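FYI, it's all coordinate maths here, none of it is from the lab. This one's a predicted model, so the numbers in the text were calculated from it and none came from an experiment. So basically every Cβ, Gly included, is an ideal-geometry build from the backbone, and we count neighbours across all protein chains shown.
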Amino acid sequence: MAPARQVLLVEDDPLVRMTLVEGLADSGFDVLEAEDAETALRVLAHHPDVALLLTDINLPGADGFALARAARVLRPDLPVIYASGRLRAAEPGRALPDAPFLAKPFSVACAAATIAGAMRPGA
């Protein structure tokens, strides 16, 4: 069996975070979680096996766009996926150009498929 692929999920809504953590774990991902950008960067710095960052855009403190840029300073090749319930698309010029966007509400199956696609070599 292949090792679990580690995802860092950054979501400030505890219910949404819990639902995604459980659903993604059921889909075969090893999920680490953070409620804000500051915590996420600490997790990323201490867990070199994180293979992807899935971040909400609207976070307390630094937003998901700033988090993604900071994460790429630490890990230049880290795949990033944005999510938002307030925006219908990632803002051009603020989002990383290669980062997919998930509009909330989305299913766990949709998130898992997007994550798997972003983790593929050459994706």
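Listing for the model above:
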{"quantity": "Lys/Arg +1, Asp/Glu -1 at C-beta; the chain dipole; positive extreme among ALA99, CYS110, HIS47", "calculated": "ALA99"}
{"quantity": "Where trypsin sites (Lys or Arg not before Pro) in DSSP loops with at most 13 other Cβ within 10 Å are excluded, longest remaining stretch of the chain", "calculated": "1-85"}
{"quantity": "Under 9 Å, Cβ to Cβ, from GLY61 - net charge with Lys/Arg +1 and Asp/Glu -1", "calculated": "-3"}
{"quantity": "Proximal charge balance of VAL16 [Cβ under 9 Å; K/R count +1, D/E count -1]", "calculated": "-2"}
{"quantity": "Over the chain, relative contact order from alpha-carbon pairs under 8 Å, at least 6 apart, %", "calculated": "23 percent"}
{"quantity": "Prolate/oblate/rounded call for region 56-107, Cα gyration tensor, a/c under 1.5 rounded", "calculated": "prolate"}
{"quantity": "Residue-wise HN-Hα coupling along region 111-116, computed from phi with Karplus coefficients 6.51, -1.76, 1.60 (Hz; x: Gly, Pro)", "calculated": "4, 4, 5, 5, 5, 4"}
{"quantity": "Surrounding net charge for GLU38, when Lys and Arg each add one and Asp and Glu each subtract one, Cβ distance under 13 Å", "calculated": "-3"}
{"quantity": "Per-residue [θ]222 nm for the chain (sum of -39500 (n - 2.57) over DSSP H runs n ≥ 4, rounded to 500)", "calculated": "-11500 deg cm²/dmol"}
